[in-house]
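**Q** Take a look at this one; I'll ask things after.
Derivation of every value follows stated rules applied to the coordinates shown; laboratory data play no part. Every value quoted in this text rests on a predicted model; they were computed, and no experiment measured them. Virtual Cβ from ideal backbone geometry, glycine too; neighbours counted across all protein chains shown.
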Amino acid sequence: MSTTVDTLPTVERRSFTTRLLSANTFWIALVLLALIVVFSILAPDSFLTFFNFQQLFIETAVLLVIAVGMTFVIITGGIDLSVGSVLIFAGMISAKTMEWMSPGQDASNAGWGTILVGLVVAILGGSVWGLLNGLLIARAHIPPLIVTLGTLGAALGVASLLNDGTNVRTVPLELRDSLGFGTLEGNIPNLVVVAAIITVIFGFILHTTRFGRYTFAIGSNAEAARRAGIGVTRHLTFVYLLTGFLAGIAGFMSLAYFQSTTISGHTTDNLNAIAAVVMGGTSLFGGLGTILGTVIGVFIPAVLQKGFNIIGVQPYWQMIAVGAVLVAAVWFDQHRRRAQNKR
Amino acid sequence: MTAVLQAQNIVKHYGSVEALRGASFEVGSGEVVALIGDNGAGKSTLVKCLSGAEIPDSGTITIDGRQVTLDSPVTARRLGIETVYQDLAVAPDLDPAANLFLGREIRRKGLLGALGVLDKAEMRRQAAEEFTRLGVTLQSIDVPIGSLSGGQRQSVAVARSVVWASKVVFMDEPTAALGVVQREKVLDVIRRVRDEGMAVVLISHNMPEVLSVSDRVEVLRLGRRVARFTAADATLEDLVGAMTGALTQEDAA
């Protein structure tokens, strides 16, 4: 018996350094940092500017909100392909509602009352699709890939029907000037502030609350969670509802920023969000992930694009680079899992 | 010895198949009772009936002399009955403390607790205490459980059940997938739990293990109890004989 390794009864936490080095998020953060450093050296005058980063943050704000919801879904071991369509649907139904409420169907001069109704409608519209996804996945036990592939088409179809396949022409100017282009203290775009607040709130929920803990537990082993008395069906439904809810908010943000329902503008949002989440160290197999990682995962493609643009590399290289990072991230995750399961 | 958990004349059909034909079983506090029988003898069905996973067609179950209806695992758990499943029902990506408290998380006090915020430090502290008490050795309390050895993982699964059980713990083949040293560690945990006054029911196919760890042995055959032994007086031949039908005790059923 003297040859066993684990004879010392030490049940302590690992040191901070050990935990840091074992975190996927740490390594992917280094990649982002390296990219920023490289571009800053190559183009110190144009890359490392306040304006450039301001634009970077604005352009990623909408995607970040979607990716936060996607993080929850992927941690449960699921996937949501419908987010981009749900975003468009939410923006469309919101814009249509604001038009209906305005004289002559012209929402350009609509006041805050109308805009608030528009916000509520966008959120409800997104949530309804999320709830539908959740019920079909958690209760009817249809694979998430199929359910959300279905709602991907359906939500876009309904959105197109609402305005005969064209974009809504009038969006309240007040909305554009406040949420769309407004800034806090003249520096920080309101759009970014909203995205940051949402990210912090849901990061808090994921990493400190029981809801977050159950999300990880279900993704790690749904059967164990069920046996532990966790309402798996209910929880999963709620997670998909949450993604729809956030896609609804993102739809409203997009409406404010683009002044349009952008029917054809968000077709790859779902894949971009999934790529960001997975690059950020969240496992496609579920049970593992962080919101911070997702934030970094959202910024890597954006920084690459901006950087290539500035140093004059063809932007198509960004797609190739993101693809490579994505595949590497999943390979790394699989490798880790295999090593773990060997024991 | 007075029985903590007693089952009498349990009958359970699955369609036309009679899994249990009036099976009886009892276990007292502070003893390890092994429940053995050949494949299809009804062990798993009996355990499911006694842990709330299945509802028997007829028969009575009493806890501390009071008749109870175990209509769900949640009910059984509330009455102090926990089960360790054969297939490691743990969440491999969560750490040992999170697994120990899964479904029973401790929340912070005050407003944060009302918002569902967990008291992770307190859970880690209590978990470390429980693991030390049960002799479960882990290198650290915050690594994912999937990175532990099979024996440590199973020890955590066993610990989770015994920490929350107040009366009876069922263990369905807890050592089936383990190596010799790891198995010994799990058996040590079982003995400790027994010494603290818990009733432990062990389902196992490993006869030497049954004889070494249990105090009594009850044998099922064709859905009925056919023999009861005191482990110290029983031999391997007795057990195998009872399981195969070569040996029967008239008063056992």
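**Q** Taking other Cβ within 10 Å of each residue's Cβ, how do B:Glu82, B:Glu196 sort, fewest first?
**A** Final ranking by Cβ density, sparse to dense: B:Glu196, B:Glu82.
**Q** Still on this structure, please answer the following. Helix-derived [θ] at 222 nm for chain A: sum -39500 (n - 2.57) over DSSP H runs of at least 4, divide by residue count, nearest 500?
**A** Theoretical 222 nm ellipticity from helices: -23000 deg cm²/dmol.
**Q** With unit charges on the beta carbons (Lys and Arg positive, Asp and Glu negative) and the dipole taken about the Cα centre of segment B:67-145, which residue among B:Gly80, B:Gly116, B:Pro96 sits farthest to the positive side?
**A** Towards the positive end, the residue furthest out is B:Gly116.
**Q** Now a separate question. Calculate how steeply helix A:210-220 sits against the longest principal axis of the alpha-carbon atoms of chain A, using the helix alpha-carbon long axis, and give the answer as 0 to 90 degrees to the nearest 10.
**A** Its long axis makes an angle of about 70 degrees.
**Q** While we're here: To the nearest 20 debye, what is the magnitude of the charge dipole of segment A:171-314 about its Cα centre, counting +1 on the Cβ of each Lys and Arg and -1 on the Cβ of each Asp and Glu?
**A** Computed charge dipole of segment A:171-314: roughly 540 debye.
**Q** So for the pair B:Val74, A:Ala196, with labels modelled 7 Å out along Cα→Cβ, what separation do we get in nm?
**A** With each label point 7 Å from Cα toward Cβ, the separation is 4.3 nm.
**Q** Taking each residue of B:111-117 in turn, how many C-beta atoms of other protein chains fall within 10 Å of its C-beta, and what is the average?
**A** Taking the mean over all residues of the peptide, I get 4.
**Q** Could you give the nm distance between label points at B:Glu196 and B:Ala121, where each point is 7 Å from its Cα heading toward the beta carbon?
**A** My value for the distance between the label points is 2.5 nm.
**Q** Right, next: Quick check on segment A:236-343: take the gyration tensor over C-alpha atoms, sort the square-rooted eigenvalues as a ≥ b ≥ c, and tell me if it's rounded (a/c under 1.5), prolate or oblate.
**A** oblate
**Q** Given N residues in chain B, what is Rg(Cα) / (2.2 N^0.38 Å)?
**A** Rounded to two decimals, the normalised Rg is 1.05.
**Q** Would you mind classifying the protein assembly as shown by shape? Square roots of the alpha carbon gyration tensor eigenvalues, ordered a ≥ b ≥ c; an a/c under 1.5 is rounded, otherwise it is prolate if a/b is larger than b/c and oblate if not.
**A** It comes out prolate by the Cα gyration axes.
**Q** Distance in nm between label sites at B:Lys109 and A:Val327, each 7 Å beyond Cα in the beta-carbon direction?
**A** Output for this residue pair reads 5.6 nm.
**Q** How crowded by other chains is A:208-215, given as the mean number of beta carbons from other chains within 10 Å of each beta carbon?
**A** 6
**Q** According to the square roots a ≥ b ≥ c of the eigenvalues of the Cα gyration tensor, what is the shape class of segment B:1-92, taking rounded for a/c under 1.5, prolate for a/b larger than b/c otherwise, and oblate for the remainder?
**A** Rounded shape, in that the Cα axes give a/c under 1.5.
**Q** Rank the residues A:Leu179, A:Leu131, B:Leu138, A:Leu271 as a footprinting-exposure proxy: fewest other Cβ atoms within 10 Å of their Cβ go first.
**A** A:Leu271, A:Leu131, A:Leu179, B:Leu138
**Q** Check each of the trypsin sites (Lys or Arg not before Pro) in segment B:58-155 and keep only those in coil by DSSP with at most 16 other C-beta atoms within 10 angstrom; list them in order.
**A** B:Arg104, B:Lys109
**Q** On to the next question. In chain A, how does Rg compare with the Kirkwood Rh, expressed as the Rg/Rh ratio over alpha carbon atoms?
**A** Result for chain A is an Rg/Rh of 1.01.
**Q** Which aspartates and glutamates does B:Lys48 reach when only Cα atoms under 19 Å apart count, and residues fewer than 8 places away in its own chain are ignored?
**A** Correct list for B:Lys48: A:Glu223, B:Glu18, B:Glu26, B:Asp38, B:Asp57, B:Asp71, B:Glu82, B:Asp87, B:Asp172, B:Glu173, B:Glu218.
**Q** Across peptide B:98-108, what mean number of C-beta atoms from other chains lies inside 10 Å of a residue's C-beta?
**A** For this peptide, the per-residue mean of nearby foreign Cβ atoms is 4.
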